[in-house]
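Visitor: Shown below is the structure under consideration.
The values are calculated or read from the model by the stated rules, or taken from the named source; none is laboratory data. No experiment lies behind these values; they were computed from the predicted model shown. As a convention, Cβ positions derive from the backbone with ideal geometry for all residues, glycine included, and neighbour counts pool all protein chains shown. Please note that ligands, DNA and RNA were not included when accessible areas were found on the heavy atoms of the full protein model with its side chains. Shrake-Rupley method; radii C 1.70, N 1.55, O 1.52, S 1.80 Å.
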Amino acid sequence: MGILFSIAYMAVFLAAGFSLTRWLLPTSGAEEKLVFTATFGLVLLIALPALFALALGFTLPAALLALVAAGALAVAGLWPRHASSDKVLPPDGSVRTIVPAFWACVVPLFLLSVWLLHTHTLYYKDGGYWCGQSTYGDLPMHLSFIKSIAEQGLFPPEFPMLAGQTLYGYPFLCESVSSVFLLLGAPLKFACLLPQVVALAAVFGGGWLLAKNLLQSSVKASLAYVLFFLGSGFGFAYFLEGGVENFTRIFTAYYETPTNYVEENIRWVNPIADLLIPQRATLFGWALLFPCLALLARFALNEERRLWPALVLLAASMPLVQTHSALALVLICGVLFVRALALYRTDLHALRPWLLFAGATGVIWLPLMLTQILPHTQEGSGFLRWHFNWSNEGDNYFWFYIKNIGLVYILLLPAFLWAGKKLRWVYGGGLLILLLSEFVEFQPNNYDNNKLLFIWHLLGCILVANLIVDLLKKVDKKSVQAVLAVMLVFTGTFGSLLTLGREAVSQYQHFDANAIAAAEYAEENTDPMGRFLCGTQLLNPVLSLAGRPILCASGTWLYYHGMDYSVQEAAVRQLLEAPSEEGLAQWGIDYVMVGPSERADYAVDESWFAAHCTLLYDQGGYSIYQVTQTAE
């Protein structure tokens, strides 16, 4: 029943999204209606439960009130519009019709990505949960947030992976968007995937619409789409020599692919395999950003000034979904606003929509930045440090990007010179993103700047697609055009096709049947607020599957979120190897889990726990103890 309730819940939000599309974008065609129904529905799903949770906690009543609000919007969409509104044409006077190129591009990658999400997220096989290569490290972290938000009901949520740490700086709305379905009784996997599927439609559709709005050509838009989502550099060359085994290891080795081969300084990953599938913040951030940029192109370049309310709606929650997307939007808007100032100068009527857009968004963003984002820059190792040239380790600056990005990077300069003024202005926003990303490190892991760099790359793919199609049109023979087009596309995508093939066949076990059973017991028989003492291993069933807070999680996650976890990590070892009632009380420990990882990584004093704690569970190599609180 939980699955059925969740589907119905999602349907109401999509109906509300359709109503907003109908009112805010009355001239939209079928493709735009699909994309913005998904996007606006997602915006409401992200925002409404969170708003009610501020007053009621992240609970079922808050989720149901959000449903009522979304339902009211959906019903409002049935209200008849003014008769003339159906006759309004876009500013260019065109009539919106079905565009086959959109569907030919979006549907295959959408279906592929849904399949990858299915096989990479708690894929049940042989009694355990399995994953794919790209989700092995990130998914357990995301599961811990999703589960703990629903289990604890606190909002804003607490940080479940490190005692004494707030959740400042983490984009938790990309997790709570799934937590709401747990409240409705959905299984954890279904709760994860349902909003992700909607987000994929917004990402792929929004990316294509952005290219189409900028290039005014379905052919050019489709090429830009392919170059971005399937593009890659020349990393495949490292696998073409040395025998068949050197090539086939692409499909068997762990992260040795033509788009992610650190040994040879190949770091420019495929966005589907390594960003959209494993990184929820990127998926939901792009689901808001790409459609927003598609509207921004019309707003800024086609003078469709009535679009500013839609832009505000799409931008509103972005800082707490993915801060990188919010920053990219600010930089691109900044450049395009400079263009508007140059064109209109003192014409306040022409600039008024820009001011309304900026003002309304600023009013919404300011409290989010002051309470959730900025405090984290002053904690631990924080963010914002100087660092040059992204993740390049030893290569010449230009050669690094040539071999990583390939065809698109090589053609950027001639494509920029070939482009019209409007397209150059938009790419100016991309150049500003590039400049900032190449000199400022926003997280301890400078690799994460690729979340900004890929937005620059998206605009570069649009620029290069414009050049390639225009040059191919100058070739008289259609057969030669076709051969050249195939050669260019093959060169620009071969590496990514191999990477996606590797991702499709990759399988790794996350949790075996014993770990799942221990997590189920913990979920059903322990206090959701009770803190567990356990090891700092990456795969922790009580954290990821039961959503219980622990003393200290894996440093792989904590370090790259800028957190100083050294004291808690030392406390874990001390409490497992030399436990004491005082030490457990000092860290607020309510339960202790001792499993295979704890026994392998620590000299656990299990006799002490057996003597001083209550044994609740002891099966399949997992023991769970309840700490007995001594009366003062």
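Visitor: Once you sort the root eigenvalues of the Cα gyration tensor of segment 472-516 as a ≥ b ≥ c, which label holds: rounded (a/c under 1.5), prolate (a/b larger than b/c) or oblate (the other case)?
Guide: The shape class here is prolate.
Visitor: Longest exposed-loop-site-free stretch of the chain, with trypsin sites (Lys or Arg not before Pro), DSSP loop and at most 14 other Cβ within 10 Å? If you can, show how the numbers build up before the last one.
Guide: Working: sites that count: Arg81, Arg96, Arg345, Lys474, Lys477.
The reported range is 97-344.
Visitor: Next question, about the same structure. If each DSSP helix of 4+ residues adds -39,500 (n - 2.57) and the sum is divided by the residues in the chain, what number results at 222 nm, nearest 500 deg cm²/dmol?
Guide: Numbers: 26 runs with 376 residues, N = 632.
After summing the helix terms and dividing by the residues of the chain, the value is -19500 deg cm²/dmol.
Visitor: What's the magnitude of the charge dipole for segment 495-536 around its Cα centre, counting Lys and Arg as +1 and Asp and Glu as -1 at the beta-carbon? Answer in Debye, nearest 20.
Guide: Here the size comes out at about 280 debye.
Visitor: Provide the percentage of antiparallel DSSP beta bridges, counting only those with both residues in the chain; round to the nearest 5.
Guide: Once the DSSP bridges in the chain are tallied, antiparallel ones form about 85 percent.
Visitor: Follow-up. How would segment 111-167 be classified by its alpha-carbon gyration tensor: rounded, prolate or oblate, with rounded meaning a/c under 1.5 and the a/b versus b/c comparison settling the rest?
Guide: prolate
Visitor: Can you tell me the length gained on complete extension of the stretch Tyr508 to Tyr254, counting 0.36 nm per residue apart and subtracting the Cα distance?
Guide: Details: separation 254, 0.36 × 254 = 91.44 nm, distance 1.00 nm.
My answer for the length gained is 90.4 nm.
Visitor: Below 13 angstrom from the Cβ of Gln481, what's the summed charge of the other residues (Lys, Arg +1; Asp, Glu -1)?
Guide: On the way: positive: Lys473, Lys474, Lys477, Lys478; negative: Asp470, Asp476.
Every neighbour counted, the sum reads +2.
Visitor: So for the chain, taking the charge dipole from beta-carbon charges (+1 Lys/Arg, -1 Asp/Glu), which of Ile402, Gly17, Ala482 sits furthest toward the positive end?
Guide: It is Ala482.
Visitor: For Lys421, list the aspartates and glutamates whose Cα falls under 20 Å from its own Cα; do not include residues on the same chain fewer than 8 positions away.
Guide: Cα-Cα hits under 20 Å: Asp92, Glu303, Glu304, Asp470.
Visitor: I've got another one for you. What's the magnitude of the charge dipole for segment 274-406 around its Cα centre, counting Lys and Arg as +1 and Asp and Glu as -1 at the beta-carbon? Answer in Debye, nearest 20.
Guide: Once rounded to the nearest 20, the dipole reads 380 debye.
Visitor: Here is a further query. Which of the listed residues, Pro26, Pro579, Leu311, is farthest toward the dipole's positive end in the chain, when Lys, Arg count +1 and Asp, Glu count -1 at the beta-carbon?
Guide: Pro26
Visitor: I would also like to ask the following. Antiparallel DSSP bridges in segment 507-626: what percent, to the nearest 5?
Guide: On the way: 9 of 13 bridges.
Antiparallel bridges: around 70 percent, rounded to the nearest 5.
Visitor: Which value, in Å² rounded to 10, gives the accessible area of His510 with a 1.4 Å probe and all protein chains present?
Guide: Counting only protein heavy atoms, the figure is 10 Å².
Visitor: Rolling a 1.4 angstrom probe over the protein chains, ignoring ligands and nucleic acids, what is the accessible area of Glu441 in square angstrom, nearest 10?
Guide: 20
Visitor: Could you pull out which residues in segment 116-141 have an amide N less than 20 Å from a spot 7 Å beyond the Cα of Ile3, following the Cα-Cβ vector?
Guide: 116-131
Visitor: Now for a separate question. Tell me the net charge near Cys192. Cut-off is 13 Å between Cβ atoms, Cys192 excluded, with +1 for each Lys or Arg and -1 for each Asp or Glu.
Guide: +1
Visitor: Return one whole number: the accessible area per residue of segment 474-533 in Å², for a 1.4 Å probe.
Guide: Each residue of segment 474-533 exposes 50 Å² on average to a 1.4 Å probe.
Visitor: Turning to a different aspect of this structure: At a Förster radius of 45 Å, what calculated FRET efficiency corresponds to the Cβ-Cβ distance of Val363 and Lys33, to the nearest 0.05? Please list the in-between numbers first.
Guide: On the way: r = 29 Å, r/R0 = 0.65.
My answer for the efficiency is 0.95.
Visitor: So, R0 is 22 Å and r is the distance between the beta-carbons of His387 and Tyr560; what FRET efficiency does that work out to, to 0.05?
Guide: 0.95
Visitor: Another one. All other residues with a Cβ under 13 Å from the Cβ of Ala465 taken together, and with Lys, Arg as +1 and Asp, Glu as -1, what is their net charge? Kindly include the intermediate steps, with their values, before the conclusion.
Guide: Values: positive: Lys212, Lys220, Lys473; negative: Asp470.
Residues close to Ala465 contribute a combined charge of +2.
Visitor: Place a point 7 Å from Cα of Arg599 in the direction of its Cβ. Which residues in segment 511-540 have their backbone N less than 14 Å from it?
Guide: Once the point is set 7 Å along Cα→Cβ of Arg599, 514-515 turn out to lie under 14 Å by backbone N, inside segment 511-540.
Visitor: Multiply the residue separation of Ile410 and Asn525 by 0.36 nm, subtract the distance between their alpha-carbon atoms, and state the gained length in nm to one decimal.
Guide: Here the segment from Ile410 to Asn525 would lengthen by 35.5 nm.
Visitor: Can you pull out the GluC sites (Glu not before Pro) in segment 96-186 that DSSP calls coil and that have at most 13 other Cβ atoms within 10 Å?
Guide: none
Visitor: State to the nearest 20 debye the size of the charge dipole of the chain about its Cα centre, where the only charges are +1 on K and R beta carbons and -1 on D and E beta carbons.
Guide: For this selection, approximately 3660 debye.
Visitor: Counting only the heavy atoms of the protein chains, how much of Thr119 is accessible to a 1.4 Å probe, in Å² to the nearest 10?
Guide: Rounded to the nearest 10, the figure is 20 Å².
Visitor: Can you pull the percent of segment 540-632's accessible area that's carbon plus sulfur, 1.4 Å probe, other chains left in place?
Guide: Roughly 47 percent of what the probe reaches on segment 540-632 is carbon or sulfur.
Visitor: Here's another thing I want to ask about it. In terms of the Cα gyration tensor, with a ≥ b ≥ c the square roots of its eigenvalues, is the chain rounded because a/c is under 1.5, prolate because a/b exceeds b/c, or oblate?
Guide: Values: a/c = 1.92, a/b = 1.44, b/c = 1.33.
Judged from the Cα gyration tensor, the chain comes out prolate (a/c at least 1.5, a/b above b/c).
Visitor: May I ask which residue of Thr121, Ala163, Val321 lies farthest towards the positive end of the charge dipole of the chain, with charges of +1 (Lys, Arg) and -1 (Asp, Glu) on Cβ and the Cα centre as origin?
Guide: Val321
Visitor: Moving to a separate point now. Assuming 0.36 nm per residue, please report the length gained on full extension of the stretch Val262 to Leu343 beyond their Cα-Cα distance.
Guide: Numbers: separation 81, 0.36 × 81 = 29.16 nm, distance 4.62 nm.
Gain on stretching Val262 to Leu343: 24.5 nm.
Visitor: Can you flag which of Lys33/Lys403; Lys220/Lys403; Lys451/Lys478; Lys451/Lys477; Lys147/Lys212; Lys220/Lys477 are past 30 Å Cα-Cα?
Guide: Working: Lys33/Lys403 39 Å; Lys220/Lys403 24 Å; Lys451/Lys478 39 Å; Lys451/Lys477 41 Å; Lys147/Lys212 39 Å; Lys220/Lys477 19 Å.
Too far apart for the 30 Å limit: Lys33/Lys403; Lys451/Lys478; Lys451/Lys477; Lys147/Lys212.
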